[in-house]
1. Quote the FRET efficiency, to the nearest 0.05, computed for Gln188 versus Asp86 with a Förster distance R0 of 41 Å and r equal to the Cβ-Cβ distance.
2. Stretch Lys314-Ile198 to full length: gain in nm at 0.36 nm per residue minus the Cα-Cα span?
3. Asp277 versus Glu361, label points 7 Å from Cα toward the beta carbon: distance in nm?
4. How big is the antiparallel share of DSSP beta bridges in the stretch 285-439, given as a percent to the nearest 5?
5. Summing +1 for each Lys or Arg and -1 for each Asp or Glu, what net charge is found among the other residues whose Cβ lies under 13 Å from the Cβ of Ala423?
6. Multiplying the sequence separation of Asp266 and Ile220 by 0.36 nm and subtracting their Cα-Cα distance, what value in nm do you get?
7. Pairs Lys366/Lys428; Lys285/Lys428; Lys291/Lys428; Lys201/Lys360; Lys306/Lys428: which exceed 19 Å Cα-Cα?
8. Taking the Cβ of each residue in Glu203, Glu142 as the centre, tally the other Cβ atoms inside 10 Å and list the residues starting with the fewest.
Amino acid sequence: MKKKQLLFALGALSMLLCATACSTGSGSSTTTKSESKSSEKDDDTSSKEDTEDTDKDDEDDKDKKKEADSGDDKEDKNKSSKDSQDLSMAVPGYAVGEVPPVPIPDVPDLSVMENPEAKITLNDTKKLSSVPGITITPVKVENGTIVSGNTSVQLDENGGGQYTDGNKTVQTDGDGTGQYVTDDITIQKNADGSGQYIDNKREITLQVHSDGSGQYSDGIKDVVFQIDSDGSGQYVDSANEVRVVVMSNDYTSYTAPDIRILHRTDGSGYYKNEKLDLKVENDGKGSCVIKHGSKTVTVDAKPLGKPGVFSKLKPVPAIPAIEANSVLITLDSGVLFDVDKYNIRPDAYEVLTNLADILKEADIKKFQIDGHTDSDASDEHNQVLSENRAASVKNFLAEHGVTAEISTKGYGESRPVATNETAEGKQKNRRVEIIIPAF
């Protein structure tokens, strides 16, 4: 009995242990499966987050690229706007921030006078000569070269003596002094170059002192020069309402209808054009303020160069002027072209159209156009630029009905008429010359 009870207890214990083992295994398996599902879920979540992060990064990159492209577009627009603004903020023919030099007129050369029978006279060209930057002068051309009347009176082997023929009296002492008198002309010349020249027919009077100072007046053109020995003085062209004043230790100024230019000795100055509603003012300390209408900009700018002064008066001619056989029209390049360009600016069309009308009315058959530059840039560059500018003027005149035979030539910087050491000198050298036979 006891043995059967013992066996029964052992069997029950064995069953209990088996049940416990099965229960533990099942719980372990459930836990593992749950953990696996949890891990898979975590992996899915992580993968989804990684994908979202990647998508977000791609979107950020796209946004950044879009912003960069937008910035580039904005920069391009600003640059385009700036270029457009630069063009409108510049004085015609000059770079942004540049104040043009004051144009300094010269006393006309009395050694050459125009022939009243010429096809084109100074009176015919008044419309052109009233434009700042354009000068028109009677000249004598021999073998393609412009010459002046530099002959002198020689009456005996020593150059002295006296000669009278009707209403003409010539007296010279052989040392440069002497007199020349006719009904219309009186010349008194001293050895030191001083003296006076009076031409009643042309209403011209010149009084020169030994130091180069003096006065010049032209009653027909209504022009007066008053020049001191240090280059100060004033020029008044009443017919065209132009005045140039030089105060050698202070400033040089130019005043014309709608335009005023001022250069001070401290490097400051300004250009003002009422017609364009434009003012360019240099403070002489490295900066320039430009106002155009409602716009205002400030740019870096070097101080202005030394203000220009008048040239001293030349000695009184010994004899009356020789007769011109041509007319020389000189156009400052700034009147026609932008800086370093050869395309004619639209605002210069009127000037060249007026010239075309004059040439057609005078029925000029043949003439020459020469281009010149200053010494900036290389010889090769200046040569090509001068040729292209002369050709541009020729093409414009031909397109506006001028049928004359026109020859062109570029001289680059090889034929300066003034020094290239000053802004004023460079301005005179940058020019287009048109030589028109007067007969």
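Here, each number is a calculation from the coordinates, and none is a lab measurement. All values derive from a computational prediction rather than experimental measurement. Glycine gets a Cβ as well: all are built from the backbone with ideal geometry, and neighbour counts include every protein chain shown.
1. Computed FRET efficiency for Gln188 and Asp86: 0.15.
2. 40.3 nm
3. Computed distance between label sites Asp277 and Glu361 equals 3.4 nm.
4. The antiparallel proportion sits near 75 percent.
5. Every neighbour counted, the sum reads -1.
6. Extra length from Asp266 to Ile220 when fully extended: 12.7 nm.
7. Cα-Cα > 19 Å for Lys366/Lys428; Lys285/Lys428; Lys291/Lys428; Lys201/Lys360; rest within.
8. Glu142, Glu203
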